[in-house]
1. Somewhere in the stretch 229-251, is a residue in contact with a strand residue (DSSP E or B) (Cβ under 8 Å, 6 or more places away or on another chain), assigned to a loop (DSSP other than H, G, I, E, B) and modelled with pLDDT of 80 or more?
2. Is it the case that some residue within the stretch 183-199 is more than 17 Å from the chain's Cα centre (by Cα) and modelled with pLDDT of 90 or more?
3. Name every residue in the stretch 294-316 that is modelled with pLDDT of 75 or more and in a loop (DSSP other than H, G, I, E, B), in order of residue number.
4. Applying the selection to the stretch 46-101, what residues are within 18 Å of Asp36 (Cβ to Cβ) and aliphatic (A, V, I, L, M)?
5. Take Asp113 and decide whether it is modelled with pLDDT under 95 and under 21 Å from Met69 (Cβ atoms).
6. Please determine, by comparing only the residues of the stretch 262-284 that are among the hydrophobic types (A, V, I, L, M, F, W, C) and within 16 Å of Ile194 (Cα to Cα), which one is modelled with the lowest pLDDT.
7. Just to check your reading of the model, which residue among Ile62, Ile40 is crowded, with 16+ Cβ neighbours inside 10 Å, touching a residue at least 12 places away in the same chain (Cβ under 8 Å) and not in a strand (DSSP E or B)?
8. Out of the stretch 132-167, which residues are closer than 30 Å to Gln213 by Cα, among the hydrophobic types (A, V, I, L, M, F, W, C) and not in a helix (DSSP H, G or I)?
Amino acid sequence: MISEKEDQIIHMIYDAVLNQQWKRVLSHIATDMNADFGLISFLDQLKPSASFTFCYNSSKSIAKAMDSMEVKLLNKQAHGDLMQFHGIGNATLIDWLPYSSYAEDSPEKRLYDLTIKPSGIRFGNVITLEYEPYCCGFAGIYRKTNCPPFTKQDCSKLENFGLHLRRALQIYRQLTLIKKQAQDCYALLNHLNIAVIVVNSQYQLIYSNHIAQEILQSSHILGLDTNNRLKTSKRQQNELNQMIRSVFKGPSIQHIGGTMMLYKQPDEPLLQLSITPFIQNHTLNYLNSLSDQAVIFITKAKQLYQLSTDYLIKTYNLSLREIQVCELFINGFNLDEICEQLKITKNTLHTYFRNIYIKTSLNSQAELLYLLIKTSIHFEHIPSKIQNE
């Protein structure tokens, strides 16, 4: 039998789906359970814009730290095993004091130094609301050092609130995603029939469309590390890092971005990555506001890009031979391989590229790569309504 106060809090939880008064919900839960601090946190590594944090009774600096991607990832690293062990909907009691003696570079110690120590809290009563490989959410209430620890009875009460929090937050997340999609500068990328990832200048994933998310969740050769950066096999990680890094160095280096194959075995390519910066003059309208970001297009190794021949002829007056050169280039063939495929000399190939640059008003391989990816047949399935908005 729940008390009248608990019943009121449950009603507040569902009201917060629309009025977004999650801090008020946390304040009532914390007060009802004699806690000093309350927190709801949700992390989505594949779609960071869908992550959120709500804090009660914390300073602005602590609230900002709690909402950072760094702290969310540290929380997942430090408590992921605990979340999986106890399962969704079950409360866990935590004593933060031992975290102060962990190794300096451990996620527990870094989390302690960034949030626990400055806030003066020690005891936590935390419930897992969701947990998947790249996604987790939890709610917690906390007490300071001079307070008694939480009890099993406190766990039962939080689990009752947690049941309703989980249901309400699922609805809230769906509504939030719908609203964000209407304003999202990446909305167009959701309609492409090709996997797309966007990373920032720290090489962290900040966007992935649904096709890329499926690849990251199922692939054994491409995923995310604990800092939300792309990771692959040890023998190819350095090449991937260098190619992404080249995007942010800009004109100071000879080659910006490019294509690379990811291999399961040396003779068994599985995925092809095409890496390029967002280019202001040639990018899609929805992406004009983006800067300091790199886009990575992913295809299966045997799935070659096919260019829209009619479009390239009508728009840029490219010859069929020039389009052949472009199609080999976009599929990762180097200069020698293109010459071999087309039975031409390097001088002839350089002439083709010079003419292509003139006709398209481009100046670099990175610009050409981005233009060609946009004009591949994968990009011809975007609903006209989206294109014209």
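The values are calculated or read from the model by the stated rules, or taken from the named source; none is laboratory data. Since the structure is predicted, the reported quantities are computational estimates derived from the model, not experimental observations. Cβ sites come from the backbone with ideal geometry, for glycine too, and all protein chains shown count toward neighbours.
1. Yes: the stretch 229-251 contains one or more residues that are in contact with a strand residue (DSSP E or B) (Cβ under 8 Å, 6 or more places away or on another chain), assigned to a loop (DSSP other than H, G, I, E, B) and modelled with pLDDT of 80 or more.
2. no
3. Quick first cut of the stretch 294-316, residues modelled with pLDDT of 75 or more only: 294-300, 306-316.
Hits for the stretch 294-316 are Gln306, Ser308.
4. Correct list: Ile62, Ala63, Ala65, Met66, Ala91, Leu93, Ile94, Leu97.
5. Values: modelled with pLDDT under 95: no; under 21 Å from Met69 (Cβ atoms): yes.
The answer is no for Asp113.
6. Initial filter on the stretch 262-284 (among the hydrophobic types (A, V, I, L, M, F, W, C)): 262, 270-271, 273, 275, 278-279, 284.
Filter once more, so that each one left must be within 16 Å of Ile194 (Cα to Cα): 270-271, 273, 275, 284.
Values: Leu270: 81, Leu271: 88, Leu273: 88, Ile275: 86, Leu284: 41.
Ranking the candidates gives Leu284 first.
7. Details: Ile40 fails: not in a strand (DSSP E or B).
Of Ile62, Ile40, the one residue that is crowded, with 16+ Cβ neighbours inside 10 Å, touching a residue at least 12 places away in the same chain (Cβ under 8 Å) and not in a strand (DSSP E or B) is Ile62.
8. As a first pass, look at the stretch 132-167 and keep what is closer than 30 Å to Gln213 by Cα: 132-140, 162-167.
With among the hydrophobic types (A, V, I, L, M, F, W, C) added as a condition, the list becomes 135-136, 138-139, 163, 165.
Within the stretch 132-167, Cys135, Cys136, Phe138, Ala139 qualify.
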